[in-house]
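The values are calculated or read from the model by the stated rules, or taken from the named source; none is laboratory data. All of these numbers come straight from a predicted model, not from anything done at the bench. In this analysis, Cβ positions are derived from the backbone assuming ideal geometry, glycine residues included, and neighbour counts consider all displayed protein chains. For accessibility, only protein heavy atoms count, side chains too; no ligands or nucleic acids. Shrake-Rupley method; radii C 1.70, N 1.55, O 1.52, S 1.80 Å.
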Amino acid sequence: MAASTYNGYIREFNPKECNWTIYKERLFQFFIVNNVDKQEIKRALLLNACNEESYQLISNLCVPNSPDATDFKALIELCDKHFAPQKALFPERFKFYHANRNVDETIMDWAARVKNLASKCKFGSELSVAMRDKFIVGMEDKAILNRLFEEDVSTLTLDKAIDIALSKEAVLKNYEASANTVIKQEPMEVYKTSQQWATDKRKGSSSNQRAEAGSAGASRAASRRGGRSSGPQGKVGQDAQCAVCGKNHGQKMEIFRECEKVFANTLGKFTKGKIKLNLKEAAIPKFQKARVLPFAMREKVEKEIARLVDIGVLVKVDYSEWGTPVVPILKKDGSIRLCGDYKVTLNPSLQEEPYPIPRVEELFAKLCNGFRRPTLKSS
(Lines give C-alpha, C1' and ligand atoms only; values in the text may rest on other atoms or scores of the structure.)
Protein backbone atom coordinates (compact mmCIF):
# COMPACT_ATOMS: atom_id res chain seq x y z
CA MET A 1 0.00 0.00 0.00
CA ALA A 2 1.08 3.58 -0.51
CA ALA A 3 2.61 5.57 2.33
CA SER A 4 0.39 7.88 4.37
CA THR A 5 2.15 10.94 2.94
CA TYR A 6 0.67 10.22 -0.50
CA ASN A 7 -2.64 11.59 -1.73
CA GLY A 8 -5.05 8.72 -2.19
CA TYR A 9 -3.99 5.10 -2.17
CA ILE A 10 -3.12 2.25 -4.50
CA ARG A 11 -5.55 -0.62 -4.44
CA GLU A 12 -4.13 -4.12 -4.04
CA PHE A 13 -3.66 -5.81 -7.40
CA ASN A 14 -5.45 -9.16 -7.60
CA PRO A 15 -5.48 -10.59 -11.14
CA LYS A 16 -8.67 -12.53 -10.36
CA GLU A 17 -10.61 -9.40 -9.40
CA CYS A 18 -8.87 -6.51 -11.16
CA ASN A 19 -8.81 -5.50 -14.80
CA TRP A 20 -5.14 -4.85 -15.54
CA THR A 21 -5.78 -2.13 -18.12
CA ILE A 22 -7.95 -0.13 -15.74
CA TYR A 23 -5.63 -0.82 -12.81
CA LYS A 24 -2.64 0.44 -14.79
CA GLU A 25 -4.45 3.67 -15.74
CA ARG A 26 -5.34 4.34 -12.10
CA LEU A 27 -1.77 3.57 -11.06
CA PHE A 28 -0.44 6.17 -13.49
CA GLN A 29 -2.96 8.72 -12.20
CA PHE A 30 -1.70 8.06 -8.69
CA PHE A 31 1.84 8.80 -9.85
CA ILE A 32 0.70 12.09 -11.42
CA VAL A 33 -1.20 13.27 -8.33
CA ASN A 34 1.75 12.55 -6.06
CA ASN A 35 4.48 13.72 -8.49
CA VAL A 36 6.21 10.34 -8.54
CA ASP A 37 8.87 10.54 -11.25
CA LYS A 38 11.60 8.11 -10.23
CA GLN A 39 11.33 4.73 -11.96
CA GLU A 40 12.58 2.79 -8.92
CA ILE A 41 9.88 4.33 -6.72
CA LYS A 42 7.20 3.49 -9.31
CA ARG A 43 8.47 -0.09 -9.45
CA ALA A 44 8.47 -0.35 -5.65
CA LEU A 45 4.92 0.97 -5.39
CA LEU A 46 3.67 -1.46 -8.04
CA LEU A 47 5.34 -4.50 -6.48
CA ASN A 48 4.21 -3.45 -2.99
CA ALA A 49 0.57 -3.27 -4.21
CA CYS A 50 0.65 -6.85 -5.60
CA ASN A 51 -0.87 -9.64 -3.55
CA GLU A 52 1.12 -12.84 -3.08
CA GLU A 53 -0.32 -14.54 -6.17
CA SER A 54 0.33 -11.63 -8.54
CA TYR A 55 3.83 -11.03 -7.10
CA GLN A 56 4.73 -14.67 -7.70
CA LEU A 57 3.36 -14.43 -11.23
CA ILE A 58 5.41 -11.28 -11.99
CA SER A 59 8.50 -12.98 -10.55
CA ASN A 60 8.00 -15.85 -12.98
CA LEU A 61 7.59 -13.40 -15.87
CA CYS A 62 10.88 -11.68 -14.99
CA VAL A 63 13.01 -14.84 -15.10
CA PRO A 64 16.02 -14.96 -15.39
CA ASN A 65 15.91 -11.58 -13.59
CA SER A 66 14.11 -10.83 -10.33
CA PRO A 67 11.33 -8.20 -10.08
CA ASP A 68 13.51 -5.77 -8.10
CA ALA A 69 16.22 -6.06 -10.78
CA THR A 70 13.78 -5.26 -13.63
CA ASP A 71 13.04 -1.63 -14.42
CA PHE A 72 9.50 -0.26 -14.15
CA LYS A 73 8.92 0.09 -17.91
CA ALA A 74 9.86 -3.55 -18.51
CA LEU A 75 7.53 -4.68 -15.71
CA ILE A 76 4.64 -2.82 -17.30
CA GLU A 77 5.36 -4.41 -20.71
CA LEU A 78 5.47 -7.90 -19.17
CA CYS A 79 2.16 -7.31 -17.40
CA ASP A 80 0.60 -5.93 -20.58
CA LYS A 81 1.52 -9.03 -22.55
CA HIS A 82 0.30 -11.39 -19.84
CA PHE A 83 -2.82 -9.71 -18.43
CA ALA A 84 -3.99 -7.78 -21.53
CA PRO A 85 -2.89 -9.66 -24.62
CA GLN A 86 -3.58 -8.01 -27.97
CA LYS A 87 -6.90 -9.17 -29.37
CA ALA A 88 -7.71 -9.67 -33.03
CA LEU A 89 -9.21 -6.52 -34.53
CA PHE A 90 -11.94 -8.03 -36.67
CA PRO A 91 -13.89 -9.57 -33.74
CA GLU A 92 -13.76 -6.20 -31.95
CA ARG A 93 -14.89 -4.35 -35.05
CA PHE A 94 -17.65 -6.90 -35.54
CA LYS A 95 -18.95 -6.03 -32.06
CA PHE A 96 -18.66 -2.34 -32.88
CA TYR A 97 -20.56 -2.43 -36.17
CA HIS A 98 -23.33 -4.70 -34.85
CA ALA A 99 -23.98 -2.75 -31.65
CA ASN A 100 -27.32 -0.93 -31.25
CA ARG A 101 -28.79 1.27 -28.58
CA ASN A 102 -30.80 -0.68 -26.00
CA VAL A 103 -34.37 0.30 -25.21
CA ASP A 104 -33.57 1.27 -21.60
CA GLU A 105 -30.24 2.92 -22.48
CA THR A 106 -29.93 6.70 -22.29
CA ILE A 107 -28.39 8.67 -25.12
CA MET A 108 -25.32 9.51 -23.03
CA ASP A 109 -24.85 5.87 -22.01
CA TRP A 110 -25.12 4.81 -25.65
CA ALA A 111 -22.50 7.39 -26.66
CA ALA A 112 -20.17 6.15 -23.90
CA ARG A 113 -20.61 2.55 -25.04
CA VAL A 114 -19.83 3.51 -28.65
CA LYS A 115 -16.60 5.17 -27.53
CA ASN A 116 -15.63 2.14 -25.46
CA LEU A 117 -16.24 -0.26 -28.35
CA ALA A 118 -14.33 1.98 -30.77
CA SER A 119 -11.33 2.21 -28.47
CA LYS A 120 -10.58 -1.46 -29.11
CA CYS A 121 -10.80 -1.29 -32.89
CA LYS A 122 -7.73 0.84 -33.75
CA PHE A 123 -9.50 3.04 -36.28
CA GLY A 124 -6.66 5.54 -36.21
CA SER A 125 -7.49 8.78 -38.03
CA GLU A 126 -10.99 7.45 -38.82
CA LEU A 127 -11.91 7.07 -35.14
CA SER A 128 -14.09 10.20 -34.84
CA VAL A 129 -15.98 9.44 -38.06
CA ALA A 130 -16.55 5.80 -37.09
CA MET A 131 -17.90 6.76 -33.64
CA ARG A 132 -20.20 9.41 -35.11
CA ASP A 133 -21.63 7.05 -37.73
CA LYS A 134 -22.13 4.21 -35.24
CA PHE A 135 -23.83 6.55 -32.76
CA ILE A 136 -26.34 7.64 -35.42
CA VAL A 137 -26.95 4.34 -37.20
CA GLY A 138 -27.38 2.41 -33.94
CA MET A 139 -29.86 4.91 -32.46
CA GLU A 140 -32.95 2.77 -33.26
CA ASP A 141 -35.35 5.63 -32.32
CA LYS A 142 -36.91 6.63 -35.67
CA ALA A 143 -37.83 10.17 -34.65
CA ILE A 144 -34.31 10.96 -33.44
CA LEU A 145 -32.79 9.08 -36.37
CA ASN A 146 -34.77 11.10 -38.91
CA ARG A 147 -33.72 14.33 -37.21
CA LEU A 148 -30.03 13.35 -37.40
CA PHE A 149 -30.41 12.39 -41.06
CA GLU A 150 -31.26 16.02 -41.82
CA GLU A 151 -27.76 17.18 -40.84
CA ASP A 152 -24.90 17.78 -43.24
CA VAL A 153 -22.44 14.89 -42.95
CA SER A 154 -19.49 17.14 -43.73
CA THR A 155 -20.04 19.33 -40.66
CA LEU A 156 -21.67 16.92 -38.22
CA THR A 157 -19.44 15.77 -35.36
CA LEU A 158 -20.12 13.22 -32.64
CA ASP A 159 -20.59 15.90 -29.97
CA LYS A 160 -23.03 17.80 -32.18
CA ALA A 161 -24.94 14.60 -32.95
CA ILE A 162 -25.25 13.91 -29.21
CA ASP A 163 -26.60 17.43 -28.57
CA ILE A 164 -29.15 17.11 -31.38
CA ALA A 165 -30.29 13.70 -30.12
CA LEU A 166 -30.71 15.02 -26.57
CA SER A 167 -32.70 18.04 -27.76
CA LYS A 168 -34.98 15.90 -29.92
CA GLU A 169 -35.54 13.47 -27.07
CA ALA A 170 -36.52 16.33 -24.75
CA VAL A 171 -39.04 17.61 -27.31
CA LEU A 172 -40.55 14.13 -27.71
CA LYS A 173 -40.91 13.70 -23.94
CA ASN A 174 -42.69 17.06 -23.63
CA TYR A 175 -44.99 16.13 -26.51
CA GLU A 176 -45.80 12.75 -24.96
CA ALA A 177 -46.60 14.42 -21.63
CA SER A 178 -49.08 16.67 -23.43
CA ALA A 179 -50.51 13.89 -25.60
CA ASN A 180 -51.03 11.61 -22.60
CA THR A 181 -53.57 14.02 -21.12
CA VAL A 182 -56.67 11.91 -20.75
CA ILE A 183 -59.59 13.16 -22.86
CA LYS A 184 -62.41 10.68 -22.91
CA GLN A 185 -65.35 10.57 -25.30
CA GLU A 186 -68.64 10.06 -23.54
CA PRO A 187 -70.48 6.93 -24.81
CA MET A 188 -73.77 8.59 -25.71
CA GLU A 189 -75.33 5.28 -26.77
CA VAL A 190 -76.09 4.37 -23.15
CA TYR A 191 -78.59 7.23 -22.98
CA LYS A 192 -80.68 6.12 -25.95
CA THR A 193 -84.27 5.25 -25.23
CA SER A 194 -85.64 1.85 -26.03
CA GLN A 195 -87.53 3.31 -28.98
CA GLN A 196 -84.30 4.81 -30.33
CA TRP A 197 -82.54 1.46 -30.04
CA ALA A 198 -85.43 -0.20 -31.83
CA THR A 199 -85.36 2.45 -34.54
CA ASP A 200 -81.63 1.90 -35.04
CA LYS A 201 -82.20 -1.81 -35.56
CA ARG A 202 -85.06 -1.47 -37.97
CA LYS A 203 -84.08 -0.70 -41.56
CA GLY A 204 -86.05 -0.09 -44.74
CA SER A 205 -89.08 1.89 -45.73
CA SER A 206 -91.47 -0.34 -43.80
CA SER A 207 -90.07 0.86 -40.49
CA ASN A 208 -90.52 4.47 -41.57
CA GLN A 209 -94.11 3.77 -42.56
CA ARG A 210 -94.86 2.13 -39.23
CA ALA A 211 -93.31 5.06 -37.40
CA GLU A 212 -95.40 7.53 -39.39
CA ALA A 213 -98.55 5.50 -38.77
CA GLY A 214 -97.80 5.34 -35.06
CA SER A 215 -97.20 9.07 -34.96
CA ALA A 216 -100.47 9.75 -36.78
CA GLY A 217 -102.35 7.45 -34.41
CA ALA A 218 -100.82 9.18 -31.41
CA SER A 219 -101.84 12.55 -32.85
CA ARG A 220 -105.43 11.36 -33.33
CA ALA A 221 -105.52 10.02 -29.79
CA ALA A 222 -104.18 13.30 -28.51
CA SER A 223 -106.85 15.24 -30.38
CA ARG A 224 -109.55 13.08 -28.74
CA ARG A 225 -108.03 13.91 -25.32
CA GLY A 226 -108.24 17.60 -25.94
CA GLY A 227 -105.70 18.33 -28.61
CA ARG A 228 -102.62 17.65 -26.46
CA SER A 229 -99.69 16.32 -28.38
CA SER A 230 -97.99 13.07 -27.33
CA GLY A 231 -94.85 13.58 -29.40
CA PRO A 232 -91.37 13.02 -28.00
CA GLN A 233 -90.99 16.77 -27.36
CA GLY A 234 -94.13 17.06 -25.24
CA LYS A 235 -93.98 19.56 -22.38
CA VAL A 236 -94.67 19.05 -18.67
CA GLY A 237 -98.33 18.29 -18.09
CA GLN A 238 -98.84 16.71 -21.51
CA ASP A 239 -98.87 13.03 -22.48
CA ALA A 240 -95.20 13.19 -23.44
CA GLN A 241 -93.14 10.23 -24.50
CA CYS A 242 -91.01 8.88 -21.65
CA ALA A 243 -87.32 9.65 -22.23
CA VAL A 244 -86.33 6.43 -20.45
CA CYS A 245 -88.54 3.68 -21.82
CA GLY A 246 -89.97 5.41 -24.90
CA LYS A 247 -93.61 4.75 -23.93
CA ASN A 248 -96.52 7.11 -23.16
CA HIS A 249 -97.61 6.77 -19.53
CA GLY A 250 -100.61 9.06 -19.78
CA GLN A 251 -101.13 12.34 -17.97
CA LYS A 252 -98.87 12.51 -14.91
CA MET A 253 -96.74 13.98 -15.70
CA GLU A 254 -99.12 16.41 -11.37
CA ILE A 255 -95.97 14.71 -10.12
CA PHE A 256 -93.90 17.42 -11.77
CA ARG A 257 -95.85 20.14 -10.02
CA GLU A 258 -95.73 18.47 -6.62
CA CYS A 259 -92.01 17.74 -6.82
CA GLU A 260 -90.91 20.80 -8.72
CA LYS A 261 -87.55 21.02 -6.90
CA VAL A 262 -86.70 17.43 -7.79
CA PHE A 263 -87.32 17.94 -11.50
CA ALA A 264 -85.85 21.44 -11.69
CA ASN A 265 -83.02 21.91 -14.18
CA THR A 266 -80.53 22.77 -11.42
CA LEU A 267 -77.92 20.84 -9.49
CA GLY A 268 -79.27 19.19 -6.37
CA LYS A 269 -77.52 19.23 -3.00
CA PHE A 270 -77.20 16.55 -0.34
CA THR A 271 -77.88 18.16 3.05
CA LYS A 272 -78.56 15.17 5.31
CA GLY A 273 -75.02 14.68 6.57
CA LYS A 274 -71.31 14.91 5.86
CA ILE A 275 -69.17 12.32 4.13
CA LYS A 276 -66.00 11.35 5.99
CA LEU A 277 -63.00 9.83 4.23
CA ASN A 278 -60.78 7.75 6.51
CA LEU A 279 -57.08 7.97 5.70
CA LYS A 280 -54.37 5.49 6.54
CA GLU A 281 -52.17 6.33 9.52
CA ALA A 282 -49.05 6.89 7.41
CA ALA A 283 -50.88 8.84 4.71
CA ILE A 284 -48.96 11.81 3.33
CA PRO A 285 -50.76 14.60 1.41
CA LYS A 286 -50.02 14.54 -2.31
CA PHE A 287 -50.26 17.52 -4.63
CA GLN A 288 -50.25 16.59 -8.31
CA LYS A 289 -49.66 19.43 -10.73
CA ALA A 290 -52.19 20.14 -13.45
CA ARG A 291 -51.62 18.20 -16.64
CA VAL A 292 -50.90 19.93 -19.90
CA LEU A 293 -54.07 20.41 -21.94
CA PRO A 294 -54.32 20.70 -25.73
CA PHE A 295 -54.93 24.28 -26.81
CA ALA A 296 -58.28 23.30 -28.33
CA MET A 297 -59.54 22.10 -24.92
CA ARG A 298 -58.28 24.85 -22.63
CA GLU A 299 -61.10 27.36 -23.16
CA LYS A 300 -63.78 24.71 -22.64
CA VAL A 301 -62.13 23.42 -19.47
CA GLU A 302 -61.76 26.95 -18.07
CA LYS A 303 -65.43 27.71 -18.76
CA GLU A 304 -66.52 24.48 -17.08
CA ILE A 305 -64.40 25.24 -14.01
CA ALA A 306 -65.89 28.76 -13.83
CA ARG A 307 -69.40 27.29 -14.10
CA LEU A 308 -68.78 24.80 -11.29
CA VAL A 309 -67.44 27.61 -9.10
CA ASP A 310 -70.52 29.73 -9.80
CA ILE A 311 -72.97 26.99 -8.78
CA GLY A 312 -71.00 26.11 -5.65
CA VAL A 313 -69.57 22.74 -6.68
CA LEU A 314 -65.99 23.97 -6.58
CA VAL A 315 -64.45 26.48 -4.17
CA LYS A 316 -61.42 28.50 -5.20
CA VAL A 317 -58.40 28.21 -2.86
CA ASP A 318 -54.89 29.62 -3.04
CA TYR A 319 -53.09 26.79 -1.25
CA SER A 320 -53.82 23.14 -0.55
CA GLU A 321 -51.91 20.11 0.70
CA TRP A 322 -53.91 17.86 -1.61
CA GLY A 323 -54.19 18.46 -5.31
CA THR A 324 -55.66 16.19 -8.01
CA PRO A 325 -55.50 16.78 -11.79
CA VAL A 326 -58.75 16.80 -13.71
CA VAL A 327 -59.72 14.49 -16.55
CA PRO A 328 -61.82 16.29 -19.20
CA ILE A 329 -64.53 14.17 -20.82
CA LEU A 330 -65.77 15.45 -24.16
CA LYS A 331 -69.54 15.06 -24.47
CA LYS A 332 -71.46 14.66 -27.69
CA ASP A 333 -72.76 18.23 -27.64
CA GLY A 334 -69.20 19.56 -27.47
CA SER A 335 -69.28 20.53 -23.81
CA ILE A 336 -66.90 19.24 -21.13
CA ARG A 337 -67.45 17.12 -18.06
CA LEU A 338 -64.64 17.33 -15.49
CA CYS A 339 -63.65 14.36 -13.35
CA GLY A 340 -60.92 14.14 -10.72
CA ASP A 341 -58.12 11.61 -11.22
CA TYR A 342 -57.92 10.60 -7.56
CA LYS A 343 -56.13 7.35 -8.26
CA VAL A 344 -52.82 9.26 -8.38
CA THR A 345 -53.36 11.19 -5.12
CA LEU A 346 -56.10 10.35 -2.64
CA ASN A 347 -57.20 6.79 -3.42
CA PRO A 348 -53.95 5.02 -2.40
CA SER A 349 -54.15 6.75 1.01
CA LEU A 350 -57.76 5.77 1.78
CA GLN A 351 -58.61 2.93 4.13
CA GLU A 352 -60.20 0.09 2.23
CA GLU A 353 -63.80 -0.91 2.95
CA PRO A 354 -63.83 -4.30 4.70
CA TYR A 355 -67.18 -5.28 3.17
CA PRO A 356 -66.53 -7.53 0.17
CA ILE A 357 -68.20 -6.62 -3.11
CA PRO A 358 -70.28 -9.58 -4.34
CA ARG A 359 -69.07 -11.32 -7.44
CA VAL A 360 -71.20 -11.44 -10.54
CA GLU A 361 -71.64 -15.21 -10.09
CA GLU A 362 -73.19 -14.62 -6.65
CA LEU A 363 -75.61 -12.05 -8.05
CA PHE A 364 -76.68 -14.37 -10.85
CA ALA A 365 -77.23 -17.20 -8.34
CA LYS A 366 -79.61 -15.01 -6.31
CA LEU A 367 -81.50 -13.93 -9.43
CA CYS A 368 -81.68 -17.36 -11.03
CA ASN A 369 -85.51 -17.61 -10.57
CA GLY A 370 -86.29 -13.96 -10.99
CA PHE A 371 -87.16 -14.12 -14.69
CA ARG A 372 -89.05 -17.43 -14.82
CA ARG A 373 -92.26 -17.16 -16.84
CA PRO A 374 -95.42 -18.68 -15.36
CA THR A 375 -96.64 -21.82 -17.10
CA LEU A 376 -100.23 -21.90 -18.39
CA LYS A 377 -102.34 -24.88 -17.44
CA SER A 378 -104.61 -26.31 -20.07
CA SER A 379 -108.30 -26.41 -19.17
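Miscellaneous remarks
- Signed unit charges on C-beta, dipole axis of the stretch 49-113, positive-most listed residue Leu57, Val103, Cys79: Val103
- Normalised by 2.2 N^0.38 Å, where N counts its residues, the alpha-carbon radius of gyration of the stretch 257-379 equals 1.64.
- Lysine pair count for the stretch 68-146 (Cα-Cα distance under 19 Å; residues 8 or more apart in sequence or on different chains): 15.
- Cut-off 11 Å between beta-carbons: net charge of the residues surrounding Leu156, Lys and Arg +1, Asp and Glu -1: -4
- Cross-link reach list, aspartates and glutamates versus Lys286, counting only Cα pairs under 12 Å and skipping chain neighbours closer than eight places: Glu321
- Average accessible surface for the stretch 95-146: 58 Å² per residue, computed with a 1.4 Å probe over protein heavy atoms with every protein chain in place.
- With every protein chain in place, the stretch 65-175: carbon and sulfur % of accessible area (1.4 Å): 56
- For the stretch 296-368, a simple Cβ point-charge model (Lys and Arg +1, Asp and Glu -1, everything else neutral) yields a dipole of about 360 debye relative to the Cα centre.
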